[in-house]
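No value in this document is a laboratory result; all are computed from the given coordinates. Not measured: the values here are computed from a predicted model. Cβ sites come from the backbone with ideal geometry, for glycine too, and all protein chains shown count toward neighbours.
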Amino acid sequence: MAEDKLPARSEDFSEWYNQLVVRADLADYAPVRGCMVVKPYGWALWENICDWLDAEFKKTGHVNAAFPTLIPMSFFEKEKEHVEGFAPELAVVTHGGGAELEEKLAVRPTSETIIGHMYSKWVKSWRDLPLLIVQWGSVMRWELRTKLFLRTAEFYWHEGHTAHADEAEAKEEMYRILDIYEQFCYEQAAIPVLKGTKSETERFAGAQITTSIEAMMWDKRALQSGTSHYFGENFSKAFDIQFLNKDNQLTFAQTTSWAISSRIIGAMIMVHGDDKGLVLPPRLAPVQAVVVPIFKNDDEKAKVMDVADRLFAELKAANVRVKFDDRDNVSSGFKFNDWEMRGVPVRVEIGPKDVEKGTVALARRDKPGREGKVFVSQENIAQTVGALLDEVQAALLQRAVEYRDANIHNVQTYDQLKEVVQDGWAFAYWCESTECEKKVKEETKATTRNIPFDQPNEEGKCVVCGKASKRKVYFAKAY
RNA sequence: CGGGGCGUGGCGCAGUCCGGCUAGCGCGCUUGCUUUGGGAGCAAGAGGUCGUAGGUUCGAAUCCUAUCGCCCCGACCA
């Protein structure tokens, strides 16, 4: 049954990923080039991600709204850098109702322009600020090479767009959101991320400052997992977002935008997954525990089902997201493998021997095979499972932190840098010049990921050119 | 856009060079019986105008022409 197994993660990481996404039932290939269909299981995972973030945004004063999918082409021309950044990947609607349109419409690749246009109508007084709006939806970028969740032509996300009266407040907003993203990654997704500022070349088209969280995948490549931008007056000038301040002076608003996309699902796959399939962090897993009954004949079945039903009900009553696998057309061995492929954190196995002894077998997904299996009492099953879920959540994060830290290397020389980025991340002083950054990219394919905020106030030498430099940056090959 | 590969039941493929009978195989699917503590077995079934259009021929999955699409590697990217 070799064809039932995934390709080994260590043999062909890319193929492992491609097959895993489909076989874990997260998504399927759509009939449109580069697009995916997110299946119910994948969407349930996405909803759990969105629910947590949505609650945090609301706690911090944000509100949700919806803007159109289609944006007049002329809007893109208003901000020079923005149009240069996005024009190549726009999908454009040229016809409507059977006739050619007078003005072509772009399918939104991001919504700064149309939201900027509306903000100019809505912002007249300092009393209208801050304006803190989040849009949940999808956007489209005509990517040349796509991969499910990581880079598809259409992807799902939330995009926050805020307008503020002054610079300090806008910057505070940018950092506040980045902190929420960081907290989400550590506490919910069990993905350790590194916060920092993007270099000028890696900056969002039209931003003055782009901050990001960067995560290390299992193959040690970096994945930008969330971004938060400060625009200064770039967009408010382009779209004329002006208000009268308390001193009756006409002032341009300060704006920000920020996003986490469905790409974060790709990050979870590539950080936690193993040769048996997906491994989901308990807090976000659509199914946290699955009950698998095991029996040989009708007599056993009756006894086992009776207990399994009871345990299932207890777990459900304790608000564990639990599933009862009562399929009678597949063997229990098949079910074990099936739920492992889907990444369910805890499996509760109940067979005739357990019924006799008053036990169940608990298998934790992060430790496959016998190592992760323990027999526990049926008493207080919800408590036991709940504690195990917490343990798995913590173990996943710890493993990911250790892996990340073991593969980031401080480097002093350019030769060291070149070697390290072949299979890891390099952390080094950099003079922040585009030339040095470009040289590294051309010679190693590694790019600067971000410059961490908190750095000791020390002076070093740029790892590329040797010039005096104050801050260190992460270099890594990125997705 | 440059290089490479591929379109044949739901999926993965064989057959194409060298045209020939009713287009095969594995997985999956349906039904039945036996099974179920790590990917079960047997039996009987359902399912294909061979990417599309045209041409050559007594006869085309196979040869010719055109066309569409997909995948992989590179350049670009959340």
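Values computed for the structure shown
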quantity: Mean ellipticity per residue at 222 nm, deg cm²/dmol - from DSSP H runs of n ≥ 4 across chain A, formula -39500 (n - 2.57); calculated: -10500 deg cm²/dmol
quantity: Lys, Arg +1 and Asp, Glu -1 on Cβ, resulting dipole of the stretch A:2-272 about Cα centre, debye, nearest 20; calculated: 60 debye
quantity: Of A:Lys220/A:Lys439; A:Lys5/A:Lys373; A:Lys335/A:Lys373; A:Lys5/A:Lys39; A:Lys78/A:Lys121; A:Lys59/A:Lys121, those spanning more than 19 Å from alpha-carbon to alpha-carbon; calculated: A:Lys220/A:Lys439; A:Lys5/A:Lys373; A:Lys5/A:Lys39; A:Lys59/A:Lys121
quantity: Stokes-Einstein D for chain A, Kirkwood Rh over Cα pairs, 20 °C, 1.002 mPa s (µm²/s); calculated: 87 µm²/s
quantity: Axial C-alpha extent at least 18 Å, average Kyte-Doolittle at least 0.0 - helices from chain A (DSSP); calculated: A:381-406
quantity: Relative packing of A:257-269, A:447-459, which averages over residues the other C-beta atoms within 10 Å, highest first; calculated: A:257-269, A:447-459
quantity: Size of electric dipole in the stretch A:408-476: Cβ of Lys, Arg +1 and of Asp, Glu -1, about Cα centre, debye, nearest 20; calculated: 120 debye
quantity: Average Cα contact separation per residue, the stretch A:1-67, under 8 Å, 6 or more apart, as relative contact order %; calculated: 16 percent
quantity: Overall form of the stretch A:305-359 per C-alpha gyration tensor (a/c, 1.5; a/b vs b/c); calculated: oblate
quantity: Whole-Å distance, taken between Cα centres, linking the stretch A:167-209 and the stretch A:1-37; calculated: 30 Å
quantity: Distance between the stretch A:75-112 and the stretch A:296-364 - C-alpha centres, whole angstrom; calculated: 53 Å
quantity: Dipole of chain A [Lys/Arg +1, Asp/Glu -1 at C-beta], most positive-end residue of A:His158, A:Met36, A:Gln254; calculated: A:Met36
quantity: Prolate/oblate/rounded label for the stretch A:33-151 (Cα gyration tensor, a/c 1.5); calculated: oblate
quantity: The stretch A:188-276: relative contact order as a whole-number percent, Cα under 8 Å and 6+ apart; calculated: 25 percent
quantity: Cα lying deepest toward the dipole's positive end in chain A, options A:Phe295, A:Ala170, A:Trp425, charges on Cβ; calculated: A:Trp425
quantity: Protection proxy ranking of A:368-379, A:421-432 - average other beta-carbon atoms within 10 Å, highest first; calculated: A:421-432, A:368-379
quantity: Environment charge of A:Thr152, counting only residues whose C-beta is closer than 13 Å and scoring Lys/Arg +1, Asp/Glu -1; calculated: +2
quantity: Formal net charge of residues neighbouring A:Gln393 (Cβ-Cβ distance under 10 Å; K, R +1; D, E -1); calculated: -3
quantity: Among A:Gln416, A:Pro345, A:Ser469 - extreme Cα towards positive end, dipole of chain A, charges at beta-carbon; calculated: A:Gln416
quantity: A:Trp142/A:Lys367 FRET efficiency (R0 60 Å; Cβ-Cβ; nearest 0.05); calculated: 0.90
quantity: Dipole magnitude of chain A, debye to nearest 20 (Cβ charges: Lys/Arg +1, Asp/Glu -1, about Cα centre); calculated: 280 debye
quantity: Residues A:Trp218, A:Trp339, sorted so that the one with the fewest Cβ neighbours within 10 Å comes first; calculated: A:Trp218, A:Trp339
quantity: Surface/4 of the Cα convex hull for the stretch A:408-476, nm²; calculated: 3.9 nm²
quantity: For chain A: relative contact order, % (alpha-carbon pairs under 8 angstrom, 6 or more apart); calculated: 14 percent
quantity: Proximal charge balance of A:Thr444 [Cβ under 12 Å; K/R count +1, D/E count -1]; calculated: 0
quantity: Reachable lysines, given that their alpha-carbon falls under 16 Å from the alpha-carbon of A:Lys124 and they are not under 8 places away in the same chain; calculated: A:Lys237, A:Lys246
quantity: Computed lengthening from A:Asn248 to A:Asp179, 0.36 nm per intervening residue step minus Cα-Cα distance; calculated: 21.4 nm
